[in-house]
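Everything below concerns the one structure shown next.
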Amino acid sequence: MATTSEASTAGLPALRVSDRDDPRVLEEAATEDYSLHVVPHTWRLGKFRLTMAWWALAMACASRRTLASAIGAGVLAAAAVLTRPNLAPLAAVVIAIAAGWPRTGESPVDLRRLIACVAGIAPGALLLVWLQRQLYGSPLQSGYGDISEFFALSNIWPNVGDYSRRILVGEGPALALAVAALATLAAGRHRMAESTRILGRLAAATAAVLFVIYLPYGVFPDWSSFRFLMPALPVAFAALGAVSSTAIDRLSAPARGPVLLAVLTLLVCVNVTQAARQSAYSLRDYEARYRTMGRHLAASLPADAVIITAQESGSAHYYAGRPVLRWDLLAVDLETAIARVRTLGRHPVLVVEDWEKPALRERFPGPTAGLDWAPRAEAGQTTRVGVWDPADRGTNVVTEQLP
């Protein structure tokens with residue numbers, strides 16, 4: 001009589017043993033991101049979220065009334081500035097909190113805590129100055145280029161409109177809740193607690209500094225540029241929670257739970273719906289074009305290739321390991337640049353996204369910038385990116401559609 005294990009394996013083919021690696025497994029292993037085995041994506045923080053966390057921790061630490069907390073707040077603020085240097089003016093808010101602002105009554109400025117906070121920031125500030133000088137030649141230079149190229153008074157009014165729309169659309173439910181809570185308190189002629197007022201002042205000060213920084217900054221109509229305001233969100237939501245809690249406390253005890261549950265459910269539903277409309281849940285597919293095109297360039301380009309690109313510059317260099325020439329930073333026309341690359345014995349190719357084409361043609365009104373021949377390959381869904389070889393101009397090219 002056969003055993004249970006024998007019966008269950010009776011119809012299976014014999015196990016095939018090989019002492020050679022499966023090529024398909026090797027190919028998959030070569031492209032696998034092994035860092036995921038150590039630090040999963042869900043555990044990682046992007047630069048904007050990390051900066052938001054640094055500033056929130058710095059403000060919380062500065063609000064404590066000890067010298068050690070003031071030094072800690074300075075160290076955390078320095079970490080935030082090292083992570084995103086353009087937000088250095090926010091350190092003034094942290095220093096002010098450490099010194100006792102927003103003060104209650106007539107309490108004097110705490111000079112000892114102010115000095116302690118500055119002492120905590122100083123090493124990070126000096127390190128940043130040294131790094132900027134070593135990497136870019138000046139403390140006021142960055143990897144993005146000269147600071148003056150990105151700020152202009154003419155950007156202020158367009159950004160006022162853009163950021164207003166983003167706040168109303170992205171945080172409309174939170175604003176509606178704040179208005180409703182304030183109206184409830186005003187109708188009952190109730191005063192807010194001093195702690196709630198302090199949180200409101202801190203949120204206003206943080207937002208004011210961010211607007212001073214970013215209103216003159218470049219105009220980015222995409223909704224994702226709302227991330228520039230992220231450092232203000234923790235203290236803003238803390239203030240919102242405080243004022244909402246105060247308003248709910250004015251309701252009768254049996255009504256508080258149902259009202260709170262209904263309000264939070266409505267807020268979450270509206271936010272989830274709005275995020276879906278803004279394609280927040282399809283960002284992985286949207287950003288996949290960088291990896292797809294980068295891997296294609298790595299596999300298809302010759303070793304002597306030079307990639308002429310702008311938006312794809314970082315990912316192209318990361319995946320393909322070839323030199324990159326930024327067309328948006330060229331001091332000569334595109335035809336001259338391509339000719340010089342060829343005289344060096346290199347093979348130029350252009351990698352351009354669809355939305356970049358008008359800017360490329362406007363900057364270089366020549367035949368190559370027109371990209372009037374078929375690309376060798378294209379990738380992307382919402383935004384398309386292609387790779388053009390100037391040597392293909394005038395020939396029949398079959399475009400490879402990358403998945």
ask   = Would you call Ala207 outside any loop (DSSP other than H, G, I, E, B), crowded, with 16+ Cβ neighbours inside 10 Å and of a type in the set (A, V, I, L, M)?
value = yes
ask   = For the stretch 367-403, what are the residues that are over 30 Å from Arg284 (Cα atoms) and of a type in the set (S, T, N, Q)?
value = Thr368, Thr395, Asn396
note = Residue hits (the stretch 187-210; farther than 16 Å from Arg84 by Cβ and not aliphatic (A, V, I, L, M)) are Gly188, Arg189, His190, Arg191, Glu194, Ser195, Thr196, Arg197, Gly200, Arg201
key: Meets criteria (among the hydrophobic types (A, V, I, L, M, F, W, C), surrounded by fewer than 18 Cβ atoms within 10 Å (Cβ to Cβ), outside the structural domain of Ser195 (by TED's automatic domain parsing) and touching a residue at least 60 places away in the same chain (Cβ under 8 Å)) for Ala56   = no
ask   = If you check Ala68 against the conditions, is it assigned to a helix (DSSP H, G or I), within 20 Å of Thr206 (Cα to Cα) and not basic (Lys, Arg)?
value = no
task = Report the residue count in the stretch 75-104 for those that are touching a Lys or Arg at 6+ places or on another chain (Cβ under 7 Å) and part of a helix (DSSP H, G or I).
result = 2
key: Qualifying position, being among the charged types (D, E, K, R) and crowded, with 19+ Cβ neighbours inside 10 Å, among Glu335, Glu312, Glu362, Glu400   = Glu312
note = Among residues of the stretch 275-289 being among the charged types (D, E, K, R) and loosely packed, with under 12 Cβ neighbours inside 10 Å, the residue farthest from Thr382 (Cα to Cα) is Arg277
remark   = Per the filter on the stretch 175-222, residues in contact (Cβ under 8 Å) with a residue 40 or more places away in the chain, more than 32 Å from the chain's Cα centre (by Cα) and farther than 18 Å from Ala62 by Cα are Leu182, Thr184, Leu185, Gly188, His190, Met192, Ala193
query = Quick one: in the stretch 142-177, which of the residues that are of a type in the set (Phe, Trp, Tyr) and modelled with pLDDT of 80 or more is surrounded by the most Cβ atoms within 10 Å (Cβ to Cβ)?
reply = Tyr163
request  = Please state which of the following conditions Ala125 fails to meet, knowing it meets all the rest: (1) on the phi > 0 side of the Ramachandran plot; (2) modelled with pLDDT of 90 or more.
outcome  = (1)
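The values are calculated or read from the model by the stated rules, or taken from the named source; none is laboratory data. Fair warning: this is a prediction, and the values are worked out from it, not measured in the lab. Cβ atoms come from the backbone with ideal geometry, glycine included; neighbour counts cover every protein chain shown.
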